[in-house]
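The values are calculated or read from the model by the stated rules, or taken from the named source; none is laboratory data. Small disclaimer: the values here were computed from a predicted structure and weren't measured. Cβ placement follows ideal geometry from the backbone for every residue including glycine, while neighbour counts extend to all protein chains displayed. Accessible surface areas use protein heavy atoms only, side chains included; no ligands, DNA or RNA. Shrake-Rupley method; radii C 1.70, N 1.55, O 1.52, S 1.80 Å.
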Amino acid sequence: MHFLVLGTSAGGGLPQWNCGCDNCRLARIPGSGLLPQTQSSIAVSVDGENWAILNASPDIRQQIGDNSQLHPKSLRHSPIRSVVVTNGDIDHIAGLLVLREKQAFGLFMTEALAAIIDDNPIFQALDPNFVERRTIALNAPFQLLPGLTAELFSVPGKVPLFLEGANPEIGVEGEQTIGIELTANGQRAYYIPGCAALTDKLADRIDGADLLLFDGTLFTDDEMLISGTGQKTGRRMGHMPIDGADGSLEALSALTIERKIYVHINNTNPIWRHGPERDTVRAAGFEVGHDGMEITLASDT
Ligand code: MLT
Ligand code: MN
Ligand code: ZN
């Protein structure tokens, strides 16, 4: 399995258009050491020719441009054969509108996520004669690409921000927030860019994996409040923090996973910069993702 981290930032990107936090300021300065990062998406392939996109970010046009593996190989062509979305948030679905130029691909979603796309007429821009919407049941393996099996599973989350209403249930397990299991050639990988809590069930599932790409939105739960950039905690946004007694660093460190990489990292997160928080994450055996990162899992032979 080959992975390309297309976009490592959470919704808004790094820098975010209206943000003047330390990270966003540095990301606007060439040579500062902090490179801009696009929004949440990865690509996966087994044969290097056919690719699946996991989450269609608003930055997908730039992401395709930046990764030659995804360029057309003939007059009208795309190596992108499949697209899956892990929730209905704007950072994960808005890129579908970019993929509208009468190019065939399969769009794989749970029924609940398909309803969000179906209910919004702007997505009719994806011509059904070319884009096949495939509803996928949880915990049922399906063929995402030739030679690549995927399974969608529930992770604690919430409905998209734009559908929240007054009192959204946080941490609900259903079809609104999912993780993706990928298996090929004896290797097992997980992509979980949004997760409100690491339940025992989820820990059992991912234990023993060869690769985990996991929600690194905030380092501390109150990071946005403390930095003055927002009113919400990470938990209220449906994201467990990295740090703390019930953070992802401690919970995931108890598992046996070959490579653990944080993705979907908010622009306020101090792990973007060299410093104690990044050191803590790296000392615990985690990697901080970045746009353009490539990961290859060699086949078990
Ligand atoms: C999130 O991951 O919490 C969302 O991307 C928030 C948003 O849509 O701005
Ligand atoms: Mn997001
Ligand atoms: Zn910022």
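What the table shows:
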{"quantity": "Filter pass, SER45 being within 15 Å of ligand 1 (Cβ to nearest atom) and either at pLDDT 95 or above or more than 17 Å from the chain's Cα centre (by Cα) (or both)", "calculated": "no"}
{"quantity": "Pair list, Cβ < 9 Å and 6+ apart or interchain, from segment 252-272 residues that are among the acidic types (Asp, Glu) to residues that are open to solvent by 30 Å² or more (accessible area, probe 1.4 Å)", "calculated": "GLU258/GLY208; GLU258/ASP210"}
{"quantity": "Leading residue by the ranking (farthest from ligand 3 (Cβ to nearest atom)) among those in segment 57-90 that are of a type in the set (Gly, Ala, Ser), open to solvent by less than 10 Å² (accessible area, probe 1.4 Å) and in a loop (DSSP other than H, G, I, E, B)", "calculated": "GLY88"}
{"quantity": "Within segment 251-264, tally of residues that are within 16 Å of ligand 1 (Cβ to nearest atom) and either open to solvent by 40 Å² or more (accessible area, probe 1.4 Å) or over 17 Å from THR233 (Cα atoms) (or both)", "calculated": "2"}
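Listed here are the residues, each with its yes/no results for (1) under 24 Å from GLU164 (Cα atoms); (2) buried (at least 22 other Cβ atoms within 10 Å of the Cβ); (3) under 16 Å from the mean Cα position of the chain (by Cα).
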position: GLY186; (1), (2), (3): no, no, no
position: ALA189; (1), (2), (3): no, yes, yes
position: ILE192; (1), (2), (3): yes, yes, yes
position: LEU198; (1), (2), (3): yes, yes, no
position: LYS201; (1), (2), (3): no, no, no
position: ASP207; (1), (2), (3): no, no, no
position: PHE214; (1), (2), (3): yes, yes, yes
position: ASN266; (1), (2), (3): yes, yes, yes
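Results for (1) of a type in the set (A, V, I, L, M, F, W, C); (2) part of a strand (DSSP E or B); (3) within 16 Å of ligand 3 (Cβ to nearest atom); (4) open to solvent by 50 Å² or more (accessible area, probe 1.4 Å), shown as yes or no for each residue.
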| residue | (1), (2), (3), (4) |
| --- | --- |
| HIS92 | no, no, no, no |
| LEU107 | yes, yes, no, no |
| LEU144 | yes, yes, no, no |
| PHE162 | yes, no, no, yes |
| ALA166 | yes, no, no, yes |
